[in-house]
Every structure is written in C-alpha cells, then in structure tokens.
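Enquirer: Just dropping this structure here.
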C-alpha cells in the first residue's frame, strides 16, 4: 500500500510553474486592485471570522467573502465551477486532503511557495507547494472534569469500554466525518473490529460534527470521548470549562495537516497569495491555537511538538484509497446507521 501511495504521489508531483513568494507589501500592491477575496472553508464560520476581520483591517480595500460548509459540499461546488469555467473560489481549506491531491493531479491549482516555505515540516507540506498546511490538528481523548477524575481519565481506547462510561460517550459519525473515521480506524487497526462490537455495547451517542462533541463534553451532557479535536479541548479549558485532554498512554494520536490551496483560474489570485502568506507568517502561526506546520513556531498551550507524541500520520494514505474508504464507510454505517442530525456544524 505504501509503495502504491508513494507512486501515486510521485505521479501527482508533475512539473508545475510557481508564483514565487514576494513581500506582503509587494503582494498587497498587486492584490488591492482586485479588491476582493473569496474564501471557502470547512467548519463553522466562527473559526474564520476573527482572521477575516484582521485581514481586512490590515489590508484595506480587499473585501473577503466567506463560504462555509463541509468538504462533501464544498468540493463538488468547486468542481462545478471549474467544469463551467466560472471559478468563483480563490482559496479553499478543509481537512479532506484527498481532494487537494486530486485537484493537483488535474492541474487546476496555482502552486505557491509562500515566504517561509522551507520552515514547513516536509511531513506535512506538499513538495511542490500546490497546497499549504495552515496548521496541524490532532484527535485526542477528552473528558468532563466534574464527572471523571484525572485518575480515572480514559487514556486508552480500551478504557472507554469500562462499565462506568456506558451511556456517557459521544463521537461524531465516523462514516460522515473524515477526521472521526481516521480516529476510529486508527483504533480498529490496533484492536480489531471486535472493538466496535464492544464500543457499541456502551450505547454511545453520535452527532454530526466536532463542535457538538466539544459542547456535549463541556456541558457535562456526555462524560468522555476519544474523538475530540485537541485544540477545541485546550481552548475550552483555557476559557474555564470543565474539560480536559487525556493524552493516550500508548495509543497513537491521529494527526494531519489542514491544507489550503489557490485555484489557477481564481478571480483574485493575488489576494489569495496575500492571504496565504499573511496567515502563514511566523507571528500569525504562533496564534492559530493548534500546532503550526512551521518548525520555527513553538507548540501552543505549552504542549510538546506534535511529532514528539506517538502519532498516526497516515491520513493521506487512507483517504486516497477509494476501495478502503468505501469499505470503511460501509462497515461503520452497518454498526451505527445513517446520520440522523444532518445540518449540524463541524
């Protein structure tokens, strides 16, 4: 499998033309006449609103229009724009790296190695600069501190099978959410599919999206999860919520770089380059609330560098294998059923 993926990625890495990084002032001079930026982003709008306001204040004259949603909706929307030769998106970001790899193969992306590109960890960046990791994310166990003491915090997938957690667990739907599927599959690879039988016997709750997971744990509605976006946990904890991360004692943390890309036929390419270079600046990356893919930026919240933990970093290998994906979605749907609360936020 690894050889197949390596060969595929080598094929995707066809020669491309680069737009070399310029200073922010130089990029702004080119972007200002465009006057706009169309940003498509996965997840709730609240994740982007603060950054958009800062960008518009820093670069007057460039108005940002944001379109949010799930990768499963945004990717087809972009494909339709490309097919109709009426591209509206300038820059897009969501966790589904397989879409970025596909778009690179199809030759529709505008490669851009922003200033500081060489500081990006090669294990997260695209070798050709076709897409850029805006940050590095991890899925980690978390628990409500009013319901679970630190001594009894679940630090292994097996801990979630203990009787005291029956009826008190929550995750997103694995067949619906790629990050959650990655987390579930990482567990199943280690403990086998029998784990799913035992987990389902715990009567867990499933919800569409990680925003609902963090709110459920923070409010005490649920006691614990192995499916928390770690940065959500740390932000909620910093705000005084009764929530804590439980770093696994031996299980691997699923991690991935969140890609962003500019489209070759985007209407405002210079504004897109400006936004990407501004956001990837070292000072900005120190404020993103999760690990930066830049090796010259300290980890957030006093944590260790992400790769100092035991991690599973094979997201791209899994999600560029259509046969495996179809099998996994089918098996998880067999256990859990179809998504019931469509319309939630990530």
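Enquirer: Based on the alpha carbons, how large is the Rg to Rh ratio for the stretch 38-103 when Rh follows Kirkwood? Numbers along the way, then the final one.
Expert: On the way: Rg = 12.7 Å, Rh = 12.7 Å.
Reported Rg/Rh, Kirkwood definition of Rh: 1.00.
Enquirer: With a point put 7 Å past each Cα toward its Cβ, work out how far residue 67 is from residue 26 in nm, to one decimal.
Expert: Simple spin-label model gives 3.1 nm for this pair.
Enquirer: A follow-up question, please. Which FRET efficiency, nearest 0.05, do residue 162 and residue 77 yield, Cβ-Cβ r, R0 56 Å?
Expert: Values: r = 43 Å, r/R0 = 0.77.
The value I calculate is 0.80.
Enquirer: Among 204, 33, 163, determine the one that fluctuates most according to a GNM of the chain built with springs between C-alpha atoms less than 10 Å apart.
Expert: Highest fluctuation among the options: 163.
Enquirer: Find how many whole Å separate the alpha carbon centroid of the stretch 154-195 from the alpha carbon centroid of the stretch 47-69.
Expert: 36
Enquirer: Can you tell me the relative contact order of the chain? Whole percent, Cα pairs under 8 Å, sequence separation 6 or more.
Expert: Working: 619 pairs, mean separation 90.5, N = 346.
Contact order relative to length: 26 percent.
Enquirer: When a/c reaches 1.5 or more, the comparison of a/b and b/c decides; with that in mind, is the stretch 131-230 rounded, prolate or oblate per its Cα gyration tensor?
Expert: Details: a/c = 1.61, a/b = 1.20, b/c = 1.34.
Judged from the Cα gyration tensor, the stretch 131-230 comes out oblate (a/c at least 1.5, b/c at or above a/b).
Enquirer: Sort the stretch 192-277 into rounded, prolate or oblate with this rule: let a ≥ b ≥ c be the square roots of the eigenvalues of the Cα gyration tensor; rounded if a/c is under 1.5, and if a/c is not under 1.5, prolate when a/b is larger than b/c, oblate otherwise. Walk me through the numbers before you get to the answer.
Expert: On the way: a/c = 2.50, a/b = 1.85, b/c = 1.35.
Since a/c reaches 1.5 and a/b is larger than b/c, the shape of the stretch 192-277 is classed as prolate.
Enquirer: Report the percentage of all Cα-Cα pairs in the stretch 193-346 whose separation exceeds 25 Å, rounded to a whole percent.
Expert: Working: 5491 of 11781 pairs.
Across the stretch 193-346, Cα pairs with separations above 25 Å total 47 percent.
Enquirer: Tally the DSSP beta bridges in the chain and give the antiparallel ones as a percent, rounded to 5.
Expert: Numbers: 20 of 38 bridges.
If we restrict to bridges inside the chain, about 55 percent are antiparallel.
Enquirer: Most fluctuating residue of 94, 55, 137 in a GNM of the chain with Cα springs under 10 Å: which is it?
Expert: The residue with the greatest mean-square fluctuation here is 55.
Enquirer: If you don't mind, another one. Highest first, please rank the peptides 265-271, 129-135 by the mean number of other Cβ atoms sitting within 10 Å of their residues. Please report the intermediate quantities before stating the final value.
Expert: Numbers: 265-271: 22.0, 129-135: 24.3.
Highest-to-lowest ranking by the protection proxy: 129-135, 265-271.
Enquirer: Also, I was wondering about something else. May I ask you to compute the full-extension gain from residue 286 to residue 197, defined as 0.36 nm times their residue separation minus their alpha-carbon distance, rounded to one decimal in nm?
Expert: Values: separation 89, 0.36 × 89 = 32.04 nm, distance 4.16 nm.
Stretched out fully, the residue 286 to residue 197 stretch lengthens by 27.9 nm.
Enquirer: Using Cα pairs closer than 8 Å and at least 6 residues apart in sequence, work out the relative contact order for the stretch 190-346, in percent. Could you put the intermediate results ahead of the total?
Expert: Working: 113 pairs, mean separation 48.0, N = 157.
So the answer I get is 31 percent.
Enquirer: Kindly rank 206-213, 319-326, 153-160, 25-32 from highest to lowest mean number of other beta carbons found within 10 Å of each residue. All intermediate terms of the calculation are to be shown ahead of the outcome.
Expert: On the way: 206-213: 22.0, 319-326: 14.1, 153-160: 19.1, 25-32: 16.4.
Per-residue Cβ counts within 10 Å, averaged per peptide and sorted highest first, yield 206-213, 153-160, 25-32, 319-326.
Enquirer: Sticking with this one: Between rounded, prolate and oblate, where does the stretch 105-164 land on the alpha carbon gyration tensor, with a ≥ b ≥ c its root eigenvalues, rounded for a/c under 1.5, else prolate if a/b exceeds b/c?
Expert: Prolate, since a/c reaches 1.5 and a/b exceeds b/c.
Enquirer: Let me ask something else. Based on the mean of other Cβ atoms within 10 Å per residue, sort peptides 187-200, 215-228 so the most packed one is first. Could you put the intermediate results ahead of the total?
Expert: Values: 187-200: 15.0, 215-228: 22.4.
In descending order of packing, they fall as 215-228, 187-200.
Enquirer: Follow-up question, since we're still on this one. Restricting attention to the alpha-carbon atoms of the stretch 198-239, what are Rg (one decimal) and Dmax (integer), both in Å?
Expert: Cα radius of gyration and Dmax of the stretch 198-239 are 10.8, 34 Å respectively.
Enquirer: May I have the convex hull volume per residue, in Å³, for the Cα set of the stretch 245-309?
Expert: Values: hull volume 7.0 nm³, N = 65.
Convex hull volume per residue, Cα atoms: 108 Å³.
Enquirer: Taking the Cα centroid of the stretch 70-141 and of the stretch 223-266, what is the distance between the two, rounded to the nearest whole Å?
Expert: 20
Bear in mind that the values in this text are calculations on the coordinates, not laboratory data. All figures in this text were calculated on a predicted structure; none of them were measured in a lab. No Cβ is skipped: glycine too gets one built from the backbone with ideal geometry, and neighbour counts run over all protein chains shown.
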